[in-house]
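The values are calculated or read from the model by the stated rules, or taken from the named source; none is laboratory data. Everything quoted here is computed from the prediction, not taken from an experiment. Every residue, glycine as well, gets a Cβ built from its backbone with ideal geometry; the counts of neighbours run over all protein chains shown.
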Amino acid sequence: MMTNGASQNLKRILVLSNRYYPHYKGGYSLECKAITDELIKRGYNVQILTSNWQIPKRRVDGNVYRLLHIRESVSQHPLYRRWQHLHWALISRIDYGIARRLIQSLSPDIVYVWNMGHLSLSPLVAAQDLDLPLVFALADYWLLQHYRVLCLEPNRCKRSYRLFVHGLKLFDPIRFPYFIANNPVLKHHYVKAGFPAEHISVIPAGLQTHFILDTPSPSADRPTIELLYAGRLSEEKGIPYAIQTVALLDQELTSELGKPAHLDIVGAGGPSYERHLRELVASLNLEQKVRFIGKLPQEELINRYQHYDAVLMPYTWVEPFGGISIEAMAQGACVIASDHGGPAEIITHRHDGLLVPPKDPRAIAQAVIDLVQHQDLRDHIRHAAIATVRERYALDKVGDQVEAYLNAALADHQRRNREKQTLCAS
């Protein structure tokens, strides 16, 4: 797809994302921060344009420009929803101006686009109008969702109206030539929707090497089985199945284990969904065995992994990547994950983790029993998990791939421009 470019051509990078550390929701923001820091460490001048989410007013924090407007949830009231659309149309044009002026001021060589969910897409137009190459980091389905709404809508009036709200005349991401998907599953979904496969390269997310242990810590002989769920508290994460696993271990299988199981739930989500989870815990009489710890900083969470017998990832949707898995594996933790999506690409069953059918708490419980009762399996998984992360997901190795791709994208963009100029001259 691309020619190799000289690395010295690329000096300045503008990262574009809806949220940026320390104000973030999902793992993609941590992934964005990690690769941004790696590029800075390699000598690139990296600036970040993001929203003022969770900040009272727009501001600049060093190289982070928190200037864009995040969109609130869509109202169910028809009249207020129309007012929202008009407001967003105005905000889209304001954000276009913000992005254009910042790009002209910073003079980046390339724009590295991360998640634009809940943002106007007009900053992308500003970059295109200034003839900058756009490299899209696909860590979830945000671009696919925009494509379906803005391009595949069969009603021409609705499609035109939605483009107007975003401040766009046309939006056709299939024509963009530079995409990085963080796993083959995600690439498959975009290709299935019509994105050219040759435009999408697969480069995994990376983890800072100081988070990767050399060897797992010695197994502790605890009086309880300690289980962990970590991540966003939302329906697609399958947290009720982790809770039901504890109930199964408590009610039916304790005799096989000889000790009770406890579950820690680390993360935050919507108040109504967290209340639903707490009600489920109460209905199963597990208040003494399930703890809600809340959201923790990444480093504090990573330091906890080695203290658990298993980390549960009972996702019910096709998880785009599953950064929790490589964090936990890097610490020598045993991960039990649903056998689909990103975690299934990362984990080799019974080698560096365990895979179970989705929505099957009994299978999760049996996997916990296997780990507890078979020390040889547990020790093999813990050592192999660290080796997998070090070989495939260490940030220095991932950084090499990202750096090469960005340089090649810039070189290819410059080549295309030269060909256009030659064609026009002739």
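Some notes on this structure:
- Ala99 within 24 Å of the chain's Cα centre (by Cα), buried (at least 21 other Cβ atoms within 10 Å of the Cβ) and not in a loop (DSSP other than H, G, I, E, B): yes
- In the stretch 34-49, the qualifying residues are those that are β-branched (Val, Ile, Thr) and touching a helix residue (DSSP H, G or I) at 6+ places or on another chain (Cβ under 9 Å), and the one that is nearest to Ser107 (Cα to Cα) is Val46.
- Among (1) surrounded by 21 or more Cβ atoms within 10 Å (Cβ to Cβ); (2) of a type in the set (Asp, Glu); (3) more than 22 Å from Tyr190 (Cβ to Cβ) - the single one Glu319 does not satisfy: (3)
- Subset of the stretch 300-323 [more than 25 Å from Leu377 (Cα to Cα), among the charged types (D, E, K, R) and either assigned to a loop (DSSP other than H, G, I, E, B) or in contact (Cβ under 8 Å) with a residue 60 or more places away in the chain (or both)]: Glu319
- Residue that is surrounded by fewer than 23 Cβ atoms within 10 Å (Cβ to Cβ), hydrophobic (A, V, I, L, M, F, W, C) and not assigned by TED's automatic domain parsing to the domain that holds Val202, where the choices are Leu354, Leu312, Leu277: Leu277
- Top-ranked residue in the stretch 294-309 [being surrounded by fewer than 16 Cβ atoms within 10 Å (Cβ to Cβ) and within 22 Å of the chain's Cα centre (by Cα); ranked as nearest to Ala220 (Cα to Cα)]: Asn303
- Criterion (buried (at least 19 other Cβ atoms within 10 Å of the Cβ), more than 25 Å from the chain's Cα centre (by Cα) and more than 21 Å from Pro240 (Cα to Cα)) met by exactly one of His380, His374, His413: His413
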